[in-house]
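Only the coordinates and a few stated rules stand behind these numbers; no lab work does. The model shown is predicted, which means the values in this text are computed figures rather than measured ones. Cβ atoms come from the backbone with ideal geometry, glycine included; neighbour counts cover every protein chain shown.
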Amino acid sequence: MPVSYTVPPDTVAGHVITNTATAASDQTGTVDSTAEVSVLPVYRVSMGKTVDRKTAVPGQTIVYTLIIVNGSNTPGSTLRSPIR
């Protein structure tokens, strides 16, 4: 008898989902069975980059803006953006 459960997208990595099923009848006592599932990390990082101008002359300052979003279910790590 399959029973489905969808893990919510915002479930934190390492969370343990516990499911207990109970069955009983008038001929037997109650019986339980438990199963556990550990939620794994899902890494989703997105980045956008904009610049304040399309052209520049020597000596002019260019400003880059980075937008970084950690859509993961676990904390992010070091993010680098070398300018070359």
- [ ] Give the long-range amide H neighbours of Ser72: residues separated by 5 or more places, or on another chain, with amide H under 5 Å away, using H modelled in the peptide plane at 1.01 Å from N.
- [x] Arg44
- [ ] Of the listed values [x] 53, 34, 32; [y] 89, 20, 13; [z] 56, 37, 20, grab the one calculated as Cα extents along the principal axes in Å from the structure here.
- [x] [y]
Open item on the list: Suppose every Lys and Arg Cβ carries +1 and every Asp and Glu Cβ carries -1, with no other charges. What dipole size does the chain come out with about its Cα centre, to the nearest 20 debye?
Closed with: 1020 debye
